[in-house]
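Only one structure is covered here, and it is reproduced in the block below.
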Amino acid sequence: QVQLVESGGGLVQAGGSLKLSCTASGSTFSFRSWGWHRQAPGKQRELVASINRDGHTNYADSVKGRFTISRDNAKNTVYLQMNSLKPEDTAVYLCYALVGIPVSWYWGQGTQVTVSS
């Protein structure tokens, strides 16, 4: 069983920065992909950024050039550096992991990011 614990959310003014962290219990060797989704009130959950076991990254068009995903395998942690934040980035950010074959989805509890204008 995989547990994902997020931290780093909060309130920031537009143009500011935040860094989210997601730490996994146990080894991440079996992680095929992990990263972040977000969900804003009244909107569908959307993929923000992901990183696979080869280090390949993928970003939503809306965050390209502003957000950077990275990981520290030794710490079993994935990070999301968010710069030039906009009010439309306000959402609950959820860490996820795709694990094993067949693939199982795991989710963190979510962390709130609020960007004020």
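Please report the antiparallel percentage of the DSSP beta bridges confined to the chain, to the nearest 5. Please list the in-between numbers first.
Working: 40 of 44 bridges.
Just about 90 percent of them are antiparallel.
Which far-off residues, 5 or more places away or on another chain, put their amide H under 5 Å from the one on Arg32, with H placed in the peptide plane?
Amide H neighbours of Arg32, under 5 Å, 5+ apart: Leu98, Val99, Gly100.
Once label points are set 7 Å from the Cα along Cα→Cβ at both Thr114 and Ala14, what is their separation, rounded to one decimal in nm?
1.7 nm
Could you run the Karplus curve 6.51 cos²θ - 1.76 cosθ + 1.60 with θ = phi - 60° over segment 88-95 and give me ³J(HN,Hα) per residue in whole Hz, x for Gly and Pro?
These are the phi-based 3J(HN,Hα) values: 6, 7, 4, 4, 8, 9, 10, 7 Hz.
Please report the carbon-and-sulfur percent of the accessible area for the chain; probe 1.4 Å, protein heavy atoms only, DNA, RNA and ligands left out. Walk me through the numbers before you get to the answer.
Working: 3030 of 6230 Å².
Using a 1.4 Å probe with all protein chains present, the chain comes out at 49 percent carbon and sulfur.
Can you list residues from other chains, or at least 5 along the same chain, whose modelled amide H is less than 5 Å from the amide H of Gly110?
Glu6, Cys95
Please list the non-local residues whose amide H lies under 5 Å from the amide H of Thr90, H modeled 1.01 Å from N, same-chain partners needing a gap of 5 or more.
Under 5 Å from the amide H of Thr90: Val115.
What does the extension gain come out to for Glu88 and Gln3, with contour length at 0.36 nm per residue minus their alpha carbon separation?
Working: separation 85, 0.36 × 85 = 30.60 nm, distance 2.85 nm.
Difference between extended and current length: 27.7 nm.
What does the charge dipole of the chain about its Cα centre add up to, to the nearest 20 debye, if the Cβ of each Lys and Arg holds +1 and the Cβ of each Asp and Glu holds -1?
On the way: 11 positive and 7 negative charges, 12 e Å.
For this selection, approximately 60 debye.
What number comes out for accessible area per residue over the chain if the probe is 1.4 Å? Units Å², please. List each step's numbers first, then the result.
Details: 6230 Å² over 117 residues.
Averaged over the residues of the chain, the accessible area is 53 Å².
Short version: ³J(HN,Hα) in whole Hz for each residue of segment 52-65, in order, from phi by Karplus 6.51 cos²θ - 1.76 cosθ + 1.60 (θ = phi - 60°), x for Gly and Pro, what are they?
9, 5, 8, x, 6, 10, 9, 10, 5, 4, 5, 10, 4, x
The values are calculated or read from the model by the stated rules, or taken from the named source; none is laboratory data. Keep in mind it's a predicted model, so treat the numbers as computed, not measured. When we count neighbours, we look across all protein chains shown, and the Cβ atoms used for this are built from the backbone with ideal geometry, even at glycine. Calculation scope for accessible area: heavy atoms of the full protein, side chains included, ligands and nucleic acids excluded. Shrake-Rupley method; radii C 1.70, N 1.55, O 1.52, S 1.80 Å.
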